Structure formats: C-alpha cells, structure tokens
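**Q** My questions all concern the structure below.
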Amino acid sequence: MSHIPYTLCRSGTYYYNRRVPKHAVKTYGSFIRHALSNCPEEAAAYSKRLGNVLEASWSTTTKVLSVDIEAIVRSFQPKPSLLSDYVN
C-alpha cells in the first residue's frame with residue numbers, strides 16, 4: 001500500500017489502483033490500475049488529478065463518461081522544448 005490516496009507502490013513504482021463504483025463498471029471495468037511514476041510527488045499529483053476527473057465522470061448514475069487515463073497522465077508530464085522554438 002501507499003500513503004498516496006488510490007495508489008499502491010510496487011518495486012519503486014506508484015500505481016493508480018482504484019475500485020470502480022458499480023454503476024461505472026460497464027465503462028471502466030471493476031478496477032482502474034495504471035502506472036503513475038517512480039517519484040512520490042509526481043504520483044500524488046497524478047493521482048489527485050485522476051481522482052478529480054474520474055469522480056466527475058461517474059458522479060451521475062445515469063450516464064458514465066469514459067476518460068482517457070493515459071492522456072490525463074501525459075498532460076501533466078513536462079513537455080521538452082527547444083529554446084530555438086521561442087526565438088523568431
């Protein structure tokens with residue numbers, strides 16, 4: 001187990017590990033498990049963001065919206081850029 005909500009740590013990697021509510025199982029399956037990071041601070045940030053997005057997606061029991069978990073995690077990762085990209 002991990003001190004970060006909805007995560008577990010195995011072999012130095014934090015995984016998002018969350019049981020899905022019964023009304024959202026058809027969309028997500030019974031568990032969501034996704035590798036987050038080796039860094040606890042990054043994993044905590046990713047887990048919090050994923051938690052907020054997932055809660056919003058299944059907050060209603062009438063229609064559960066699917067969420068691209070990998071895209072959410074990628075959106076938090078730094079994007080490498082070149083200094084020349086900013087120079088005219």
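We did not get these values from a lab; they are worked out from the coordinates using the rules stated. Just so you know, these numbers come straight off a predicted model, no measurement behind them. Backbone-built Cβ (ideal geometry, glycine too); neighbour counts: all protein chains shown.
**Q** Quote to one decimal, in nm, the extra length available between residue 41 and residue 83 on full extension: 0.36 nm per residue of separation minus the C-alpha distance between them.
**A** This chain segment gains 12.4 nm when fully extended.
**Q** Whole percent per 10 Å bin, from 0 to the bin with the longest distance: what is P(r) over all C-alpha pairs of the chain?
**A** Percent of pairs per bin, in order: 16, 42, 25, 11, 5, 0.
**Q** Still on this structure, I have one more. So what J values fall out for segment 9-17 if you push phi through Karplus, 6.51 cos²θ - 1.76 cosθ + 1.60 with θ = phi - 60°, rounded to Hz, Gly and Pro as x?
**A** Calculated HN-Hα couplings, in order: 10, 10, 6, x, 10, 8, 10, 6, 9 Hz.
**Q** Related question: Can you give the helix-only mean residue ellipticity at 222 nm for the chain, where every DSSP H stretch with n ≥ 4 adds -39500 (n - 2.57) and the sum goes over all residues, rounded to the nearest 500 deg cm²/dmol?
**A** Result for the chain, helices only: -10000 deg cm²/dmol.
**Q** While we're on this one: On C-alpha positions alone, give me the angle between the axis of helix 40-57 and the longest principal axis of the chain, in degrees, nearest 10.
**A** Its long axis makes an angle of about 50 degrees.
**Q** Find which of 29, 9, 87 sits farthest along the positive direction of the dipole of the chain, computed with +1 on the beta-carbon of Lys and Arg, -1 on that of Asp and Glu, about the Cα centre.
**A** 29
**Q** Further question on the same structure: Calculate the spin-label point distance for residue 11 paired with residue 65, positioning each point 7 Å from the Cα along the beta-carbon direction, and give it in nanometres.
**A** 3.6
**Q** Quote the relative contact order of segment 1-86 in percent (integer), defining contacts as alpha-carbon pairs under 8 Å separated by 6+ residues.
**A** Rounded, it is 23 percent for segment 1-86.
**Q** What nm value, rounded to one decimal, do you get for the distance between residue 75 and residue 31 when each label is placed 7 Å out toward the C-beta?
**A** 2.6
**Q** Check each of the trypsin sites (Lys or Arg not before Pro) in the chain and keep only those in coil by DSSP with at most 13 other C-beta atoms within 10 angstrom; list them in order.
**A** The qualifying sites are 63.
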